[in-house]
Amino acid sequence: MLAAIVCALAGMCYAEFASAIPVAGSAYSYGNIVYGEFTGWIIGWALILEYMLSVATVAAGWSSYFSSFISPFGLKIPNAVSGPMNLSKGVYFDLVSVLVILIISILLSRGMKNSIKINIIAVFIKIAIILIFIFVGVQFIKPANYHPFLPYHFSGVIKGATTVFFAFLGFDVVSSSAAEVKNPKKNMPLGIIGTLAIAALLYFGVSIVLTGMVNYKQLNVSNPVAFALQYVHQDWVAELLSFGAMLGMATMMLTMIYSSSRLIYAMARDGLLPSTFSKLDKKHNSPQNALIAVTIIISLGAAFFSVDQLANLVNFGTLFAFTLVSFGILKLRKRTDITNDGFKVPGYPFLPIISGLICIFMICHLSSEVYLMAFIWLVLGAIIYFAYGYHHSQLDHE
């Protein structure tokens, strides 16, 4: 719930930006406009981290659900390629997660038109399966599982919120397509806020039912929904839910891989990355070189790193971007050359400030390991900018 509130506050800030500046690029473009080129680049660099690692995180989870799905048929993934690198257990890399990333990337390389159709169908199936889980699971809720209500106190809630934060990601991707939307001043805020509201209701329902079915101490598994159903001997529903979970994760991966390649394409188009990443395939109108680069990086992350390691780093990139977008509303309102007769964040300037401060507060509760990796990533981004982007930027010439 806390993660949903944070996303709702940041979502309203995104909605105002999308209404006032309906351009492609999401927070990367907003940062360029209100903060300047370097800050825009850093925001975009953080978004690359968010988008790509969120795919790697979901791919690792997809692999676990796939293993659960094929288990009743007597099939098993060989141990050596069954998960992230763990030499003590004889595991070298996660083959399944790499394969699903490659399949989705190949699908995207054939063009987005067919991918969108598949995505829409998959979303409806996913929502139906989530509702089935809630309907079946509510019959097995044990009120005793809700006690104690806050076993790890408020600090535990904060840490939990930073961990599950990436479950709500995706609304920021909506704003990246603003340039292609009809009447963006009206439809973009509806799309962003509507996406958040539906996701919050579904995840809240699943969380309530899940923790009511099984004691929280037993839910430290990679496929909790299937585990909970198997725990109450609803194996056939567990199979159905595993399939639904894989389908839902696949749609998320498709969206994020697409967004990652488009973001890199936009940066290369602006001259901040080598021009090879801005080349479009003439037949399918897709940035093939950017897509190949994204696929390689995501595959490496999914193959060798655990879900926890990836998810926490994703959350840093997201919260970092959310912070700057939230405070960016203050600078946007002062711009006299940008008019906005569409959606505006209510309670200005308090809500944007509160949104930014809460994001900073949540960043402070991430681990020192995440700080180190994030610092390295941002320093690498700064080096790339000053070594290449600063000298080749097209933005200064517009």
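The values are calculated or read from the model by the stated rules, or taken from the named source; none is laboratory data. Keep in mind that this is a model prediction, so the values were computed, not measured. Quick reminder, even Gly has a Cβ in these numbers, built from the backbone with ideal geometry, and neighbours come from all protein chains shown.
Details
- Near pairs, Cβ below 6 angstrom, 6+ apart or cross-chain, from the range 186-201 (over 12 Å from ASP172 (Cβ atoms)) to any residue that is part of a helix (DSSP H, G or I) and polar (S, T, N, Q): PRO189/SER19
- For TYR30, the criteria (1) surrounded by fewer than 24 Cβ atoms within 10 Å (Cβ to Cβ); (2) within 22 Å of PHE316 (Cβ to Cβ) hold in every case but one, which is (1).
- Number of the exception - ALA268 against (1) small (Gly, Ala, Ser); (2) over 24 Å from the mean Cα position of the chain (by Cα); (3) surrounded by fewer than 24 Cβ atoms within 10 Å (Cβ to Cβ): (2)
- Selection from the range 283-295 of residues that are part of a helix (DSSP H, G or I) and either polar (S, T, N, Q) or closer than 10 Å to ILE264 by Cα (or both): GLN288, ASN289, ALA290, LEU291, ALA293, VAL294, THR295
- Taken together, the criteria place ALA321 among residues that are closer than 27 Å to MET188 by Cα, under 19 Å from the mean Cα position of the chain (by Cα), crowded, with 20+ Cβ neighbours inside 10 Å and not charged (D, E, K, R).
- Residue within the range 274-286 that is aliphatic (A, V, I, L, M) and touching a Phe, Trp or Tyr at 6+ places or on another chain (Cβ under 7 Å) present: no
- Condition check for ALA302: surrounded by 22 or more Cβ atoms within 10 Å (Cβ to Cβ) and either aliphatic (A, V, I, L, M) or free of Cβ contacts under 8 Å to residues at least 40 places away in the same chain (or both): yes
- Residue in the range 44-61 that is outside any loop (DSSP other than H, G, I, E, B), of a type in the set (D, E, K, R) and surrounded by 21 or more Cβ atoms within 10 Å (Cβ to Cβ) present: yes
- Scope the range 212-241; condition in a helix (DSSP H, G or I) and either surrounded by fewer than 18 Cβ atoms within 10 Å (Cβ to Cβ) or of a type in the set (Phe, Trp, Tyr) (or both); matching residues: TYR216, LYS217, GLN218, PHE227, TYR231, ASP235, TRP236
- Residue check, LEU75 outside any helix (DSSP H, G or I), out of contact with any Pro (no Cβ under 7 Å at 6 or more places or on another chain) and not basic (Lys, Arg): yes
- Test: residue in the range 70-81 that is more than 21 Å from LEU241 (Cα to Cα) and either surrounded by 15 or more Cβ atoms within 10 Å (Cβ to Cβ) or in contact with a His (Cβ under 8 Å, 6 or more places away or on another chain) (or both): yes
- Filtered residues of the range 296-342 (kept if touching an Asp or Glu at 6+ places or on another chain (Cβ under 9 Å), among the polar types (S, T, N, Q) and not in a helix (DSSP H, G or I)): ASN340
- Only one entry in LEU280, LEU272, LEU263 is over 22 Å from GLY61 (Cα atoms), in contact (Cβ under 8 Å) with a residue 24 or more places away in the chain and part of a loop (DSSP other than H, G, I, E, B), namely LEU272.
- Residues within the range 370-395 that are under 29 Å from ASP308 (Cα atoms), among the small types (Gly, Ala, Ser) and exposed (fewer than 14 other Cβ atoms within 10 Å of the Cβ), tallied: 0
Here's the yes/no breakdown for (1) farther than 19 Å from MET373 by Cβ; (2) at pLDDT 90 or above:
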{"position": "LEU263", "(1), (2)": "yes, no"}
{"position": "ALA268", "(1), (2)": "yes, yes"}
{"position": "ASN285", "(1), (2)": "yes, no"}
{"position": "GLN288", "(1), (2)": "yes, no"}
{"position": "GLY301", "(1), (2)": "no, no"}
{"position": "VAL307", "(1), (2)": "no, no"}
{"position": "ASN315", "(1), (2)": "no, no"}
{"position": "THR323", "(1), (2)": "no, yes"}
{"position": "PHE327", "(1), (2)": "yes, yes"}
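- Long-range neighbours under 8 Å by Cβ, at least six apart or interchain, first residue within 12 Å of ILE132 (Cα to Cα) within the range 228-243, second among the acidic types (Asp, Glu): LEU229/ASP235
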